[in-house]
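Structure first, then comments.
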Amino acid sequence: MHECHCQGPPSELPPVTDRFLIFEAEAGRDILLGRTGEHMVRKIRFDISGWRSAFGDGGVQLAAKRGGREAPYLCVVEQDGDDVFWPVTAADVAVPGNGSCELRYYVGGQKVKAMAFRTVTMGSGIGGPCGPPSGNPNQGSLEKMMRLGADTERNAERAETAAMVAQQQAERAAEKASEAVLKAEEALETASNVLKQAESVEQKAQEAAASAETAWQAASSAQEQAAASAKMAGNAEASAQAAQKAAVEAQTLVGELEAVTWPTDDDIQQIWDSTVPDENTKTDEESGT
């Protein structure tokens, strides 16, 4: 039996935007493009918010391959922020059966991410919901193998995306850690400069204290010298007063001496003669009379 893993039929009709039916492209699910002959009836919407968050703003490209051995071709898509729309044309559903498409994301001209989907186009005639049944009895097993390979590829892509996101987050964390280290080093340098300034201020304060101590000692010495000089000045004044008094007394004595009448030589001789006996003259006692 031919297996189909299409999106429809949904329980509710898809939204209609500008006469288009909007169908969401979901990882792991086939994309139902419609029936052969339909033209500009539906749009397939792809969500690229994860890619934009991980890699930044970029451009998209959609390559599709119809059933059979046809070569892939580029589709016309519309990008609107985190949404990419694929308006399905008659050329996209020209061949019924299973095809594929790959959405690619480019940043700076380089492809950074891609995701593949299996597409389904239903035939316009009577038959199964996904076209005429296959005559190959192993078609179900082949399709299961294809789905398994597609799932494996999608899981690998998810793992790759997660690894790239984790790497970018790690790089950002490393950048933030580096910035934190730089800020810590700047803060340490600032603290070191402040400490040096504090040490310089303390040294200047000690020098000022030493200068104040020296000035105080000099002032004390000057005070002592001033006291000694004052004492010497007092002693000199007392000595001067004593000398002045002695001079006055000497002057008085000189005046008194000048007022004295001194005896003449004759007066002295008379006094001498009257007091000293002559050697030739003997008293009665000396002669024994």
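Some points to look at:
- Scope region 86-109; condition part of a strand (DSSP E or B) and either closer than 23 Å to GLU70 by Cα or acidic (Asp, Glu) (or both); matching residues: TRP86, PRO87, GLY97, ASN98, GLY99, SER100, CYS101, GLU102, LEU103, ARG104
- Within region 60-99, restricting attention to residues that are polar (S, T, N, Q) and touching a Gly at 6+ places or on another chain (Cβ under 9 Å), the residue that is surrounded by the most Cβ atoms within 10 Å (Cβ to Cβ) is ASN98.
- Scan of region 76-110 for residues that are in contact (Cβ under 8 Å) with a residue 40 or more places away in the chain, over 17 Å from LEU32 (Cα atoms) and among the β-branched types (Val, Ile, Thr), ordered by number: VAL107
- The residue list ARG35, ARG45 contains one member that is closer than 19 Å to SER100 by Cβ, at pLDDT 95 or above and either basic (Lys, Arg) or exposed (fewer than 15 other Cβ atoms within 10 Å of the Cβ) (or both), which is ARG45.
- Candidate set: region 15-66, residues that are of a type in the set (Val, Ile, Thr) and farther than 17 Å from VAL107 by Cα; chosen: the one farthest from the chain's Cα centre (by Cα): THR36
- Hits in region 42-100 (condition: closer than 17 Å to PHE117 by Cα and aromatic (Phe, Trp, Tyr)): PHE46, TRP51, TYR73, PHE85, TRP86
The values are calculated or read from the model by the stated rules, or taken from the named source; none is laboratory data. Keep in mind it's a predicted model, so treat the numbers as computed, not measured. Quick reminder, even Gly has a Cβ in these numbers, built from the backbone with ideal geometry, and neighbours come from all protein chains shown.
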